[in-house]
1. What does the extension gain come out to for ALA144 and THR176, with contour length at 0.36 nm per residue minus their alpha carbon separation?
2. Taking 35 Å as R0, compute the FRET efficiency from the Cβ-Cβ separation of GLU58 and GLU14 and round it to 0.05.
3. What's the whole-number percent of alpha carbon pairs in segment 13-67 lying beyond 15 angstrom?
4. Spin-label point model (7 Å from Cα, Cβ direction): what's the ALA79 to ILE94 distance in nm?
5. With a point put 7 Å past each Cα toward its Cβ, work out how far GLN134 is from ASN186 in nm, to one decimal.
Amino acid sequence: MLSSVSTLPFMKAEASDEELMLSYREGDAKAFEALYSRHKGALYRFILRRCGQPAVAEELYQEVWMKLIRAREGYTVKARFTTWMYQVARNHCIDYYRRQSVAVINDQQGSLGIEAFEDQQSKQPDQQLELQQQTTQLMQLVEALPVEQREAFLLREEAGLGLNEIAEITGVNPETAKSRLRYAINKLRAGLNQS
């Protein structure tokens, strides 16, 4: 069945991440291209928000994809692909900072990577300014969250992961993940309401 996924191009877009990774494991480079295309933006933003430095984020991002490529031969479906991918990314970021013997650095330039709405150019100048101010404020509020809460929030919003997956990736129980996410959202709402 998996070989049919890799030989029928029209099925690529409909194939699950897990099917694509299994096809890639069997040598289908197009399956990897589809995975990369689906997840490149969200994964990069997750790493950037974890470390806050674009140059470091780019290096870690490339290394995570290399880890995924090297791990393909041993890949088996034990969880959703995204759960596995973000676990690899999270662990790689942690390992990087352990090797560097530094704490997670917050980006002082505010380049958190939260993107404004794509149709921003069509807005009036005053609306653009307001949107830009709100985006900047949200980036600052996300940066100010405690690391565990920020991580839970980013995994939910960037990666679209559920509580059980967030718990698995972060090594906590689902209730702890739920609490971290709830606290993060409450802090963000409170911060946005203060303005």
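Derivation of every value follows stated rules applied to the coordinates shown; laboratory data play no part. Every value quoted in this text rests on a predicted model; they were computed, and no experiment measured them. We place every Cβ from the backbone using ideal geometry, glycine too, and count neighbours over all the protein chains shown.
1. Residue separation times 0.36 nm, minus the Cα-Cα distance, leaves 9.6 nm.
2. In this case the efficiency is close to 0.65.
3. That fraction is 50 percent.
4. Modelled inter-label distance: 1.1 nm.
5. 2.4
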